[in-house]
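Student: Take a look at this one; I'll ask things after.
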Amino acid sequence: MKIKQAKFIISSPNLALCPDLNLPEFALLGRSNVGKSSFINAITRNGKLAKTSNKPGKTRLINLFQINEDFVIADLPGYGYAKVSQSTQAEWQKNLEQYLLKRDALKSTIQFIDARHEIQKNDFQMNDWLKVNSVPVFAVMTKCDYISRNEVFTKTKKIEKYFDCVCLPFSVKNSMYNDEILKHIESLF
């Protein structure tokens, strides 16, 4: 799949305000600062499409992006560390759950894991929650440019084993992984 057009649609605080675009949707999940927004910019080859930040917790809304006329990416607030109140985190969680459980167009979630670290407790918790609620998921291991090719292979297999799903490597600095990720997304339409 070649991405010819990518555009921002809306930032919505909850599912009720998300428009139905009649396209398959893929929701991005991951710890704060795992690289979800950078992923959007890299696969669309548009460095300014999704806002990126070095500070955790900057994605606070459901951000929808239309890719070609083919599918939608929903960038969801990160889980884990973010300097926000507990009530704000609880609101994010409620909106996240509502989107994941009730969004009819949702084809799969994409859970992002940072290659530089071991799988974190909240990554396991999120993956368990997805499985218990029968929400489809595959994993993308980000920041693969920080580790060796052997480590990329080893860690990818480890994530596949622990999460019992497909895991694909990704690097913002090296676009060689993009085609495989886009092929997998397309296979889920």
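The values are calculated or read from the model by the stated rules, or taken from the named source; none is laboratory data. Remember, it's a predicted structure, so these values are computed and weren't measured experimentally. Don't worry about glycine lacking a Cβ; one is built from the backbone with ideal geometry, like all the others, and counts go over all protein chains shown.
Matching residues to (1) closer than 23 Å to Ile3 by Cβ; (2) modelled with pLDDT under 95:
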{"position": "Val84", "(1), (2)": "no, yes"}
{"position": "Thr88", "(1), (2)": "no, yes"}
{"position": "Glu91", "(1), (2)": "no, yes"}
{"position": "Lys102", "(1), (2)": "no, no"}
{"position": "Thr109", "(1), (2)": "yes, no"}
{"position": "Ala139", "(1), (2)": "yes, no"}
{"position": "Cys144", "(1), (2)": "yes, no"}
{"position": "Val152", "(1), (2)": "no, no"}
{"position": "Met176", "(1), (2)": "yes, yes"}
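Student: Tell me yes or no: at least one residue of the stretch 97-117 is more than 14 Å from the chain's Cα centre (by Cα), farther than 19 Å from Leu28 by Cβ and surrounded by fewer than 20 Cβ atoms within 10 Å (Cβ to Cβ).
Tutor: No, every residue in the stretch 97-117 fails to be more than 14 Å from the chain's Cα centre (by Cα), farther than 19 Å from Leu28 by Cβ and surrounded by fewer than 20 Cβ atoms within 10 Å (Cβ to Cβ).
Student: I need a count of the residues in the stretch 99-132 that are under 27 Å from Asn150 (Cβ atoms), basic (Lys, Arg) and not in a helix (DSSP H, G or I).
Tutor: Residues meeting the conditions: 1.
Student: Could you please tell me which pairs satisfy a Cβ distance under 6 Å, a separation of 6+ or placement on different chains, a first residue in the stretch 137-164 that is without any contact (Cβ under 8 Å) to a residue 24 or more places away in the chain, and a second residue that is not polar (S, T, N, Q)?
Tutor: If the second residue must be not polar (S, T, N, Q), the pairs left are Thr156/Met141; Thr156/Cys167; Thr156/Pro169; Glu160/Cys167.
Student: Shifting gears a bit: Being charged (D, E, K, R) and in contact with a strand residue (DSSP E or B) (Cβ under 7 Å, 6 or more places away or on another chain) is the filter; apply it to the stretch 1-50 and report the residue that is surrounded by the most Cβ atoms within 10 Å (Cβ to Cβ).
Tutor: Lys36
Student: I'd like to verify a number: residues in the stretch 152-181 that are surrounded by fewer than 18 Cβ atoms within 10 Å (Cβ to Cβ) and assigned to a helix (DSSP H, G or I), how many?
Tutor: 11
Student: Right, here's the next one. Kindly check whether there is at least one residue in the stretch 116-133 that is modelled with pLDDT of 95 or more, under 22 Å from Asn178 (Cβ atoms), of a type in the set (D, E, K, R) and out of contact with any Pro (no Cβ under 7 Å at 6 or more places or on another chain).
Tutor: Checking the stretch 116-133: at least one residue is modelled with pLDDT of 95 or more, under 22 Å from Asn178 (Cβ atoms), of a type in the set (D, E, K, R) and out of contact with any Pro (no Cβ under 7 Å at 6 or more places or on another chain).
Student: Which condition number in (1) surrounded by 18 or more Cβ atoms within 10 Å (Cβ to Cβ); (2) at pLDDT 85 or above; (3) under 19 Å from Val137 (Cα atoms) is the one that Ile67 fails?
Tutor: In the conditions (1) surrounded by 18 or more Cβ atoms within 10 Å (Cβ to Cβ); (2) at pLDDT 85 or above; (3) under 19 Å from Val137 (Cα atoms), Ile67 misses (3) alone.
Student: Being buried (at least 17 other Cβ atoms within 10 Å of the Cβ) and closer than 17 Å to Ser38 by Cβ, is that true of even one residue in the stretch 118-126?
Tutor: Looking through the stretch 118-126, none of the residues is buried (at least 17 other Cβ atoms within 10 Å of the Cβ) and closer than 17 Å to Ser38 by Cβ.
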